[in-house]
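Please read the structure below before turning to the comments.
The values are calculated or read from the model by the stated rules, or taken from the named source; none is laboratory data. Quick caveat: nothing in here was measured; it's all calculated off a predicted structure. Here the Cβ positions follow ideal geometry from the backbone for every residue, glycine too, while neighbour counts run over all protein chains shown.
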Amino acid sequence: MSAEDKTNTAEVREDRVVTNSNGIPMNDPFATQRIGEHGPLLMQDSNLIESLAHFNRERVPERNPHAHGSGAFGYFEVTDDITDICGSAMFDTIGKRTRCLTRFSTVGGEKGSADTARDPRGFATKFYTEEGNLDWVYNNTPVFFIRDPSKFPHFIHTQKRNPRTNLKDANMFWDFLTTPENQVAIHQVTILFSDRGTPASFRKMNGYSGHTYKWSNKKGDWHYVQVHIISDQGIENFTNEEAIEMAGKNPDYCTEDLANAIERGDAPSWTVSVQVMTEEQAKKLPFSVFDLTKVWSHKDFPLRRIGKLVLNENPQNFFAQIEQAAFAPSNTVPYQEASADPVLQSRLFAYADAHRYRIGPNYNQVPVNCPYASKFFTPVMRDGPMNVDGNFGSEPNYYSTNCKYQFIQQDRPIQQHQEVWQGPAIPYHWATSAGDIDYVQPRALYQKVLAKQPGAQERLAHNVGVHVANACSGIQERVFEMFSRVDPQLGNRIREIATEKTTENKMNKL
Ligand code: NDP
């Protein structure tokens, strides 16, 4: 069986005799067993009962968040030697290709929501490597809204529906983000309301690890890294109004755009690079290397190219290969490790747990999740619902000294010298930093980066202004104040636009 076959369950059979799910041939799928032509139905009609009962169970719970998404298969190809930084087998030879699956998604909306909503985009890639499956569960933004993981459910709730009205709620949205201790979000909020908040295509946006990871080479030297996946198609975004219009015209626009491009042979690709930092350099940063709300300066930590990601194969079956795809940052391979970033540490638990809930504890047996390229052997993980891969047969279900199991010693030295942690167990709330540090990077983005893109500063003000116009006046004031800390001119412009739009909204309601 080829690698493609193993992740692709859509086998088309020659002998298409229609049967029930038990393999018994069916005469007429539309006939029901009943007393006479118009009498009551019979309990013995197992075809009818089975088809209705199965229909009731067609859905697995949608993801919460990242419910809406699409994806494609492809490969990662090594273009540059990175073995001094990372010893993972997938990087060991220039030209080496590893099969992969990428899923793009929006975050806050439900499964049927629009592709073009203003929202970060998930950019998750599963690599089927010989050392097991590696998942890079990234976003299209290099930072995030929070750095205290306990705030995650609160934050996501504010982006979803009001529990009373079941409506999206600008008051909830901005109330959370402008609360002083939550203003660590300002960097991500500035990016979200910039042009990049409404990508025109999954093909034309970047992916970023956001988190700091730790990579080591085979000699045991280790570094902090951040991964950048930069679109070879360039960046293309919708304006706020174009995105809203497209949500009505074709809510699946980006899904269609990706599938069509691959179908016509125009396979999208991304250049994958890393920023690399030593422990000594990290100690000199003006912020913590584990702070997910910060980027590393390109000038101080230049991008180092490692490879190319190409998506050239559409899924054959959306449910089997995309809806059931289970990405988790805890799926990692030797020489690539999570850092102590607390949000990443929490994700190590939360993602796999979401899949146990959504798909079941044996979700790794689903072909799209199976680490088929590695010699996986986990005889202690047995039984459970929907165990379909033979359950390791007669192997003992514990590691017995009588059995000749091998525990491969990785050829890297144990990283005993890495990050020695010590201290009392304390409840620590990583709220707003003292001083201005959380505003420095969004200010650089506004004053330096956006200033060079014609109209980008005004579009940022416009995008915030028209959104916050739906919130009450007290919360609007907090938004104006927060953006004034980024740049007073930005705060003032948002105020002008929001005031005008609020009046317009009121007039429309008269
Ligand atoms: P640089 O001028 O070296 O980098 C600026 C980067 O900003 C660009 O390379 C581009 O990243 C990114 N960018 C351009 N437009 C937008 C936008 N609308 N929203 C978000 N990012 C955009 O300066 P610095 O490294 O000093 O960074 C300055 C600011 O740029 C940061 O404070 C941060 O907000 C933003 N930025 C920085 C990144 C980094 O890794 N240093 C990555 C992304 C954003 P790209 O090439 O990845 O498209």
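Some notes on this structure:
- Residue list for segment 462-486, restricted to those being within 13 Å of the ligand (Cβ to nearest atom) and either within 15 Å of residue 497 (Cα to Cα) or of a type in the set (Ser, Thr, Tyr) (or both): 463
- Only one entry in 306, 229, 244 is in contact with an Asp or Glu (Cβ under 7 Å, 6 or more places away or on another chain) and modelled with pLDDT of 95 or more, namely 306.
- Meets criteria (within 22 Å of residue 181 (Cβ to Cβ), modelled with pLDDT of 95 or more, within 16 Å of the ligand (Cβ to nearest atom) and among the hydroxyl-bearing types (Ser, Thr, Tyr)) for residue 439: yes
- Residues in segment 179-205 that are within 13 Å of the ligand (Cβ to nearest atom) and polar (S, T, N, Q): 188, 190, 194, 198.
- Selection status of residue 311, at pLDDT 95 or above, more than 14 Å from the ligand (Cβ to nearest atom) and under 29 Å from residue 343 (Cα atoms): yes
- Only one entry in 112, 95, 69, 87 is free of Cβ contacts under 8 Å to residues at least 40 places away in the same chain and over 24 Å from residue 459 (Cβ atoms), namely 95.
- Residue 328 meets the conditions (1) among the aliphatic types (A, V, I, L, M); (2) within 16 Å of the ligand (Cβ to nearest atom); (3) surrounded by 22 or more Cβ atoms within 10 Å (Cβ to Cβ) in every case but one. The failed one is (2).
- Of the residues making up segment 335-351, those that are among the hydrophobic types (A, V, I, L, M, F, W, C), touching a helix residue (DSSP H, G or I) at 6+ places or on another chain (Cβ under 9 Å) and surrounded by fewer than 20 Cβ atoms within 10 Å (Cβ to Cβ) are 338, 350.
- The single condition from (1) more than 16 Å from the ligand (Cβ to nearest atom); (2) within 16 Å of residue 210 (Cα to Cα); (3) among the polar types (S, T, N, Q) that residue 321 fails is (2).
- Candidates 231, 269 - the one that is within 13 Å of the ligand (Cβ to nearest atom) and in the same structural domain as residue 105 (by TED's automatic domain parsing): 231
- Residues that are in a helix (DSSP H, G or I) and either without any contact (Cβ under 8 Å) to a residue 40 or more places away in the chain or of a type outside the set (A, V, I, L, M) (or both), drawn from segment 351-372: 351, 352, 353, 355, 356, 357, 358, 363, 364, 365
- Residue in segment 160-170 that is within 12 Å of the ligand (Cβ to nearest atom), small (Gly, Ala, Ser) and not assigned by TED's automatic domain parsing to the domain that holds residue 294 present: no
- Residues that are part of a helix (DSSP H, G or I) and buried (at least 17 other Cβ atoms within 10 Å of the Cβ) within segment 260-281 comprise 261, 262, listed in sequence order.
- Condition check for residue 376: on the phi < 0 side of the Ramachandran plot, surrounded by fewer than 16 Cβ atoms within 10 Å (Cβ to Cβ) and free of Cβ contacts under 8 Å to residues at least 24 places away in the same chain: no
- Every residue from segment 109-133 that is more than 14 Å from the chain's Cα centre (by Cα) and in a strand (DSSP E or B): 127, 128, 129, 132, 133
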